[in-house]
Amino acid sequence: MADTWLEVPPGSPFPAESLPYGVFSSAPGGAPRVGVAVGAHVLDLAPLLDDTVFGRASLNPFLARGPDAWRATRGLLQDLLGHRSRRDEVARHLIALSDVRLHLPVEVADYVDFYSSLHHAQNLGRMLRPDSEALTPNWRHLPVAYHGRAGTVVVSGTPVVRPRGQRREAGDAGPSLGPSTRLDIEAEVGFVVGVGSEPGRGVAVSAFRDHVFGVVLVNDWSARDIQAWEYVPLGPFLGKSFATSVSAWVLPLEALEAARVPSPRQDPPPLPYLAPGEDWGLDLSLEVALNGDVVARPPFASMYWTPAQQLAHMTVNGAALRTGDLYASGTVSGPAPGQQGSLIELSRNGATPIRLSDGSARSFLQDGDTVVITATAPGPAGRPVSLGEVRGTVVASAGPLSPDAGGAGSAG
């Protein structure tokens, strides 16, 4: 869009080119409603546009209107912010971001997490299966994924309680129950579905933008010790389902047109339903900070499977999409040192702990640690757009529900 009359601070994560949507409340006990972030403000949409759909506590009703409505609303907002003659009309509906509380932007219907970084999959394969091939035989033929727990998707800033579960340490005769000692992060990008699909019919790669509204940042918190004990033979469960954090702002796909890059070369070529078609590689630059220290800069452009291919595979069996479905890319990791999106990779499974500026070291997360994931992308006229941030602080395990919940073999 053209320059806006609204003063946007230099380096603001929300330039006028981005216009991400979120849900906010502006007073203690105030009703949550939909707004758009721009500069240091949130634009209160319900009174500005005289549309009750934006007075809801979720983006879902707006998302269900579909791509024509998404484009029309974005165009109207660009017009309102781009013409000085509209200033008085708009300004009274601007609220300082510092004065609002942010909420989960969508009611998450289903949550699916993929495993689509070649470098991440190879790194984990070499560490966890040193005597086998790094990649499983199916990995280059389909986007591997697991179906997660929608009810534990939380908005950025929500504390993350250290999970408890069964884990079996090396040398132990059997499992014990207790707080995870190998709590990890996974820096990911999530895709928010706006328009559902018909049961029994898959969604084609070419229909990606007909269904997906926008993107969020995701931290797929992972308890590696719980995961290692439970995942054979059915895959991730309690090691993942305790919390998944997402950014408070959903950036529309339209804001990422300048960030699109060619889809990755895939060898062997995938089956026809996964043929890449329209390019949906995305040049997103992620940054992971642990207690204020940047520890990784994962590049999303290196992902092997695109979000359009993930959507096609997720529905090829006839599973229907629903408004509010969220699916994540899987950990974003690149080929170079410092581009890994998880601590297990950065520390080589604890062999080379990460050194922080305060002199401490980390292989996995300690109570009190704060992780912040941010991302930027090329925007119109060379000005970058931001995906905001996803932030979480680890707090101590809440403990068992009852004195004997752990049983005779419990620990921690």
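Some observations on this one:
- Computed over the stretch 321-373, the quotient of the alpha carbon radius of gyration and 2.2 N^0.38 Å is 1.47.
- Selected from ALA375, LEU290, PRO264, residue furthest toward positive end of dipole (the chain; charges at beta carbon): LEU290
- Put simply, the Cα atoms of the stretch 298-346 extend 40, 17, 15 Å along their principal axes, the longest span coming first.
- Cα gyration tensor of the stretch 21-103 - equivalent ellipsoid semi-axes, whole Å, descending: 19, 18, 10
- The stretch 111-395 - percent relative contact order, Cα under 8 Å, separation 6 or more: 27 percent
- In this structure, the amide hydrogen of VAL261, modeled 1.01 Å from its nitrogen in the peptide plane, lies closer than 5 angstrom to those of GLY281, LEU282, ASP283, counting only residues at least 5 positions away or on a different chain.
- Working ranking of peptides 270-280, 153-163 by packing, defined as the average number of other Cβ atoms within 10 Å per residue, highest first, is 153-163, 270-280.
- Angstrom value of the Kirkwood radius, inverse mean 1/r, which spans all Cα pairs in the stretch 111-395: 19.2 Å
- Charge tally for GLU257 (other residues, Cβ to Cβ under 15 Å; Lys, Arg +1; Asp, Glu -1): 0.
- Surface/4 of the Cα convex hull for the stretch 115-245, nm²: 10.2 nm²
- For the stretch 1-60, pairs of C-alpha atoms spaced more than 17 angstrom apart make up 42 percent of the total.
- The length gained by stretching the chain between ARG355 and ALA170 to full extension, at 0.36 nm per residue less their Cα-Cα distance, is 64.1 nm.
- Residue of PRO32, PRO236, PRO175 that the Gaussian network model of the chain assigns the largest fluctuation, springs spanning Cα pairs under 10 Å: PRO175
- Summing charges over neighbours of LEU124, with a neighbour being any other residue whose Cβ is under 12 Å away from its Cβ, gives +1 when K and R count +1 and D and E count -1.
- Rg in Å to one decimal, and Dmax rounded to a whole Å, for the stretch 1-152 via C-alpha atoms: 20.9, 68
- Using every pair of distinct Cα positions in the stretch 277-360, the Kirkwood expression returns a hydrodynamic radius of 15.0 angstrom.
- Mean residue ellipticity at 222 nm, helices only, the chain: -4000 deg cm²/dmol; runs of at least 4 DSSP H residues each add -39,500 (n - 2.57), and the sum is divided by the number of residues.
- Point-charge dipole on Cβ atoms (K/R +1, D/E -1) for the chain, about Cα centre, debye to 20: 280 debye
- Two-decimal Rg/Rh across the stretch 209-365, once Rg and the Kirkwood Rh are taken from alpha-carbon atoms: 0.98
- Net charge contributed by nearby residues that have their C-beta within less than 13 Å of PRO378 (K/R +1, D/E -1): -1
- For the stretch 126-184, dividing the convex hull volume of the Cα atoms by the residue count gives 168 Å³ per residue.
Coordinate-derived values only; no laboratory data. Not measured: the values here are computed from a predicted model. Glycine also receives a Cβ, built like all others from the backbone with ideal geometry; neighbour counts cover every protein chain displayed.
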